[in-house]
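So the structure is just underneath, and the comments pick up after that.
Here, each number is a calculation from the coordinates, and none is a lab measurement. Fair warning: this is a prediction, and the values are worked out from it, not measured in the lab. Glycine gets a Cβ as well: all are built from the backbone with ideal geometry, and neighbour counts include every protein chain shown.
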């Protein structure tokens, strides 16, 4: 659970629909972050991939994952 989710659920509980909408919004943000990160990874040259501890094959596996898979 992220820090935002922890704070959100420890305070006064939200009504069910509001809670659903916040959870949906957090999910969409997570998906967009994954998508953008993987697109950035795609643009890195091999020497920079090595700097972050990945080889080209490992990076390709990560890049090919759909955004909804962590």
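The Cα atoms of region 18-70 define a convex hull whose projected area, averaged across directions, is 3.8 nm². Here the simple spin-label model places points 7 Å from the Cα toward Cβ, and for residue 2 and residue 51 these points are separated by 2.7 nm. Normalised by the number of residues in the chain, the average gap of Cα pairs under 8 Å and 6 or more apart makes the relative contact order 32 percent.
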